[in-house]
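Chemist: Below is the structure I would like to discuss, written out as structure tokens.
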């Protein structure tokens, strides 16, 4: 039990902390470019209107066009050819590649560029990151003896990503939803030229095929090895957005290859959604890099940094930026701030903002504190008034009359736009949009607010989401809500997608159903769904389930893919014999029809290559 003295001391300490946290700070709106703070706009080479701060500083940390640099004798870095650069080390025995590109297509472009500086074969490949391992077979040029070095867990991570239902997700069942958001993030819907174009070319490649080569030489943390005559030490303990990161230290030359340093502050949250990125791990990795005292730092996510003092200064400023975001977020939580307050409160002081790699060119820091809050505290901000919030549509129904009705909200939105208070304009008009998404005037004003926010943003991810939704509101593009997996992915692992299918059960249809449906696939695998009213329990091993199946359906993986993607109906497949039923065929069809179908109203089903090549 807390004594009176302890209680008083506790109360005083809390009051003192709150006072120290929240006095003397400038209003967020005074420095918020989305709320009228002064911003100078410029024009990118492709005509994109964007924040001039981005244009003035981006060339210092990133490439906006294909470029080959030589940061040290016998080492080339190739940037601007894809989403991430790669590096090549020249040796008497052949070439060593550090990373290989995000796709087979990247590998083809990169190999062509490599051949402009060397005709030696690539005899060793090092994966610094799982995402940049998919062009390897192209670089190997058919050499089956190529040494492929990487984190011990990299193969399993890549294989899981390749056979999953979409972009990496904490719950893989929602991968298709994150894939659709990934398409937005990587500029699929934005024009290549003109004022609304992407300002930075963070584009998905046109062809997403993989040329992955499995790691055949796994390395442990601090393991030393000589590769093609080059003495190396491998560092695998810490990760970034990727948990199978490998840094390479050349002790004799004091050169470090890493993915810890990006062109932008550590992206602790991705707007597309992803698994949590623990800032502590990234921070410890940066400390490790700093303490090696490299004379050359070659990053797989930014331009190389040359000179020991310059590397130390860059790493320390970048490390301090990451530490600042984490520590000030936690400090704000201790002071009672919730996620929406933290996004405005945690902002770089000027000296950290001036660190070259702290340019908020990829993601913007305001997105990160809420993610840390949700991971550490959950959604509830400790204000009981927000414990039972109204549904958005109910709030809009009450707010619009309170604000004076539709005409008054439109007028207030226009006034906010005139004052360059774009975020406020978007929030106001969103009430009308909630009430009627087809309201032409509301759509027009919301699109304009989002477009102006895109223009003043520096973050490529932020611009992509803002501008893509503006273009959608204007009817210029159609944004996919979800992007289902390719049929080949489903047919390769049919049981996995029986598991994912369970989340599509519609309780309004399933009623009092209690039935165990077993799926037998032509590859010899089986799985089941035990439908109990509103829940479908996935059964990985039907023979061990608590009851025998009521019905069994047998099919090929290809047939299941068609059913899963709603390309055919179970009734039609029963009729044509591609779905063989043991039991009542009509009941089997009814059970499968209890699950949501993909349809134009609920999703846009497009093959990945179509999604990449054009606007769906």
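Chemist: Look at residue 154 and say whether it is within 20 Å of the chain's Cα centre (by Cα), farther than 30 Å from residue 476 by Cα, surrounded by fewer than 24 Cβ atoms within 10 Å (Cβ to Cβ) and not assigned by TED's automatic domain parsing to the domain that holds residue 452.
Modeler: no
Chemist: Considering only the range 95-114, how many residues are in a helix (DSSP H, G or I), in contact with a strand residue (DSSP E or B) (Cβ under 7 Å, 6 or more places away or on another chain) and either over 20 Å from residue 230 (Cα atoms) or at pLDDT below 95 (or both)?
Modeler: Summing the residues that are in a helix (DSSP H, G or I), in contact with a strand residue (DSSP E or B) (Cβ under 7 Å, 6 or more places away or on another chain) and either over 20 Å from residue 230 (Cα atoms) or at pLDDT below 95 (or both) in the range 95-114 gives 3.
Chemist: Let me ask something else about it. Do we find that residue 204 is touching a strand residue (DSSP E or B) at 6+ places or on another chain (Cβ under 6 Å), part of a loop (DSSP other than H, G, I, E, B) and either within 28 Å of residue 487 (Cα to Cα) or not assigned by TED's automatic domain parsing to the domain that holds residue 97 (or both) in this structure?
Modeler: In short, no.
Chemist: If a residue has to be assigned to a helix (DSSP H, G or I) and in contact with a strand residue (DSSP E or B) (Cβ under 7 Å, 6 or more places away or on another chain) to count, how many in the range 422-462 make the cut?
Modeler: Count: 2.
Chemist: Moving to a separate point now. Quick one: in the range 130-145, of everything that is farther than 19 Å from residue 75 by Cα and in contact (Cβ under 8 Å) with a residue 60 or more places away in the chain, which residue is surrounded by the fewest Cβ atoms within 10 Å (Cβ to Cβ)?
Modeler: Filtering the range 130-145 for residues that are farther than 19 Å from residue 75 by Cα and in contact (Cβ under 8 Å) with a residue 60 or more places away in the chain, the one surrounded by the fewest Cβ atoms within 10 Å (Cβ to Cβ) comes out as 137.
Chemist: What tally of residues in the range 499-523 results from selecting those that are in contact with a strand residue (DSSP E or B) (Cβ under 9 Å, 6 or more places away or on another chain) and either farther than 13 Å from residue 556 by Cα or modelled with pLDDT under 95 (or both)?
Modeler: Final tally of qualifying residues: 17.
Chemist: Tell me, please, whether a residue that is in contact with a helix residue (DSSP H, G or I) (Cβ under 6 Å, 6 or more places away or on another chain), in contact (Cβ under 8 Å) with a residue 12 or more places away in the chain and assigned to a loop (DSSP other than H, G, I, E, B) can be found in the range 176-188.
Modeler: yes
Chemist: Then there is this: Among (1) surrounded by 14 or more Cβ atoms within 10 Å (Cβ to Cβ); (2) closer than 29 Å to residue 198 by Cβ, there is one condition residue 340 misses while meeting the rest; what is its number?
Modeler: With (1) surrounded by 14 or more Cβ atoms within 10 Å (Cβ to Cβ); (2) closer than 29 Å to residue 198 by Cβ applied to residue 340, the lone miss is (1).
Chemist: Which condition number in (1) out of contact with any helix residue (DSSP H, G or I) (no Cβ under 9 Å at 6 or more places or on another chain); (2) under 26 Å from residue 202 (Cβ atoms); (3) surrounded by 23 or more Cβ atoms within 10 Å (Cβ to Cβ) is the one that residue 96 fails?
Modeler: Only one criterion is unmet by residue 96, namely (2).
Chemist: Same structure again: Filter the range 290-308 down to the residues that are closer than 15 Å to residue 319 by Cβ and in contact with a strand residue (DSSP E or B) (Cβ under 8 Å, 6 or more places away or on another chain) and list them by number.
Modeler: 292, 294, 297, 299, 305
Chemist: Please verify whether residue 46 is in contact with a strand residue (DSSP E or B) (Cβ under 7 Å, 6 or more places away or on another chain) and more than 25 Å from residue 297 (Cβ to Cβ), treating the condition exactly as stated.
Modeler: Here the answer is no, as residue 46 does not meet what is asked.
Chemist: Could you count how many residues in the range 379-402 are surrounded by fewer than 16 Cβ atoms within 10 Å (Cβ to Cβ) and either more than 34 Å from the chain's Cα centre (by Cα) or not in a loop (DSSP other than H, G, I, E, B) (or both)?
Modeler: Of the residues in the range 379-402, 11 are surrounded by fewer than 16 Cβ atoms within 10 Å (Cβ to Cβ) and either more than 34 Å from the chain's Cα centre (by Cα) or not in a loop (DSSP other than H, G, I, E, B) (or both).
Chemist: Out of the residues in the range 352-378 that are surrounded by fewer than 21 Cβ atoms within 10 Å (Cβ to Cβ) and more than 19 Å from the chain's Cα centre (by Cα), which is farthest from residue 275 (Cα to Cα)?
Modeler: Ranking the candidates gives 354 first.
Chemist: Scan the range 574-590 and report the pairs whose first residue is without any contact (Cβ under 8 Å) to a residue 40 or more places away in the chain and whose second residue is in a strand (DSSP E or B), with Cβ atoms within less than 6 Å and a gap of 6+ or a chain change.
Modeler: Pairs that qualify, where the first residue is without any contact (Cβ under 8 Å) to a residue 40 or more places away in the chain and the partner is in a strand (DSSP E or B), are 579/553; 579/555; 580/554; 581/553; 582/552; 583/551.
Chemist: Right, residue 407: without any contact (Cβ under 8 Å) to a residue 24 or more places away in the chain and either at negative phi or surrounded by fewer than 20 Cβ atoms within 10 Å (Cβ to Cβ) (or both) or not?
Modeler: Judged against the criteria, residue 407 is a match.
Chemist: Same structure, new question: Consider only pairs whose beta carbons are under 6 Å apart and that are at least six residues apart or on different chains; among these, list those whose first residue lies in the range 523-536 and is farther than 13 Å from residue 550 by Cα and whose second residue is at pLDDT 95 or above and in a strand (DSSP E or B).
Modeler: Pairs found: 526/520; 527/519; 536/505; 536/529.
Chemist: On the given criteria, is residue 206 touching a residue at least 12 places away in the same chain (Cβ under 8 Å), closer than 27 Å to residue 161 by Cα and surrounded by fewer than 17 Cβ atoms within 10 Å (Cβ to Cβ)?
Modeler: Yes: the conditions hold for residue 206.
Chemist: A further question follows. Among the residues of the range 461-484, write down those that are modelled with pLDDT under 95 and crowded, with 24+ Cβ neighbours inside 10 Å.
Modeler: 483, 484, listed by residue number.
Chemist: Pick out, from the range 233-323, the strands (runs of 3 or more DSSP E) lying fully within it that include 2 or more residues that are touching a residue at least 24 places away in the same chain (Cβ under 8 Å) and closer than 20 Å to residue 202 by Cβ.
Modeler: The strands (runs of 3 or more DSSP E) meeting that bar number zero.
Chemist: Please work out which one of (1) surrounded by fewer than 21 Cβ atoms within 10 Å (Cβ to Cβ); (2) over 24 Å from residue 191 (Cα atoms); (3) modelled with pLDDT of 95 or more is the condition residue 431 fails and give its number.
Modeler: Condition (1) is where residue 431 drops out.
Chemist: Could you grab me the full set of residues in the range 214-241 that are buried (at least 19 other Cβ atoms within 10 Å of the Cβ), touching a strand residue (DSSP E or B) at 6+ places or on another chain (Cβ under 6 Å) and under 25 Å from residue 262 (Cα atoms)?
Modeler: 215, 219, 232, 234, 235, listed by residue number.
Chemist: Does residue 590 satisfy being at pLDDT 95 or above and on the phi > 0 side of the Ramachandran plot?
Modeler: no
Chemist: Among the listed residues 117, 148, which satisfies the condition of being in a loop (DSSP other than H, G, I, E, B), over 20 Å from the mean Cα position of the chain (by Cα), outside the structural domain of residue 460 (by TED's automatic domain parsing) and at pLDDT 95 or above?
Modeler: 117
The values are calculated or read from the model by the stated rules, or taken from the named source; none is laboratory data. As the structure is a prediction and not an experimental result, all values here were calculated from the model. Heads up, the Cβs are rebuilt from the backbone with ideal geometry, glycines too, and the neighbour counts pull from every protein chain shown.
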